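Visitor: Just dropping this structure here.
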Amino acid sequence: MTTKELAEKCSVSEQSIRAWCKRNNISKAPQGADNKLAYQITSDIENEILKYYGKEQLAKVTKSSSESEKSQISESKKLAKDEKEISESEENQETQEKKDENAANQLINELIRQLTEKDKQIQMIQEQNKILTESLHFAQENSKSLTDAIVAAQALHAATIQTTALVDNSAEQELKWWQRIFKKKEI
């Protein structure tokens, strides 16, 4: 409150309010746009001035209004504190969300890296499978060729045995013919 407002309230001159402030050593502080020094009149000082000038009724009203102002101030401080806590909570939540998002991104990147590695391993296995399939096909062809060769060798061997048997058989028959001619007479 300014000295002018207080002077109007007390129905005295502004100069008398300034004189009272000077006598009671009320401090001055810069106020307004021009930083002009003015008395710092708090609600307690205002009540004292009102009592001094016989305006006790106004002092009581001012005192009750100052109490309501104090309660409003304390409520506004509580609201400010609550707002600060809410904003801090929101900031903490945003920070936590960012941390969670970063962790999720790191996990995704790690999984992508692992998938890429697995894809490379799958390609290597497919190439090895292709090589092994070709080797198996070649081995099967060799096996078929060897089987055919064995069958041919067995057939040749069988033919050789038959030929030998026929030759032996015909030799026996020839021998028998000679034996018939030069047969010794048995006694």
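Visitor: Full extension from Ala103 to Asn24: what is 0.36 nm times the residue separation minus their Cα-Cα distance, to one decimal in nm?
Guide: Details: separation 79, 0.36 × 79 = 28.44 nm, distance 6.58 nm.
Taking 0.36 nm per residue and subtracting the Cα distance, the gain is 21.9 nm.
Visitor: Could I ask something else about it? What length, rounded to one decimal in nm, is gained on full extension from Ala159 through to Thr95, with 0.36 nm per residue of separation minus their alpha-carbon distance? Write down the numbers at each step before the final one.
Guide: Values: separation 64, 0.36 × 64 = 23.04 nm, distance 9.40 nm.
Going from the current span to full extension adds 13.6 nm.
Visitor: Are any of the pairs Lys4/Lys51; Lys9/Lys77; Lys9/Lys70; Lys36/Lys81; Lys4/Lys36; Lys9/Lys51 more than 23 Å apart by Cα-Cα distance, and if so, which?
Guide: Details: Lys4/Lys51 17 Å; Lys9/Lys77 29 Å; Lys9/Lys70 21 Å; Lys36/Lys81 33 Å; Lys4/Lys36 15 Å; Lys9/Lys51 12 Å.
Result: Lys9/Lys77; Lys36/Lys81 exceed 23 Å.
Visitor: Next question. Work out how much length Glu85 to Lys118 would gain on full extension: take 0.36 nm times their residue separation and subtract the Cα-Cα distance, in nm to one decimal. Walk me through the intermediate numbers first.
Guide: Working: separation 33, 0.36 × 33 = 11.88 nm, distance 4.84 nm.
Result: 7.0 nm gained on full extension.
Visitor: Further question on the same structure: Could you pull out which residues in segment 27-53 have an amide N less than 18 Å from a spot 7 Å beyond the Cα of Lys77, following the Cα-Cβ vector?
Guide: From segment 27-53, the list is 42-45.
All of the numbers you see were taken from the coordinates with simple rules; none came from a lab. The structure presented is a predicted model; accordingly, all values stated were derived computationally and were not measured. Quick reminder, even Gly has a Cβ in these numbers, built from the backbone with ideal geometry, and neighbours come from all protein chains shown.
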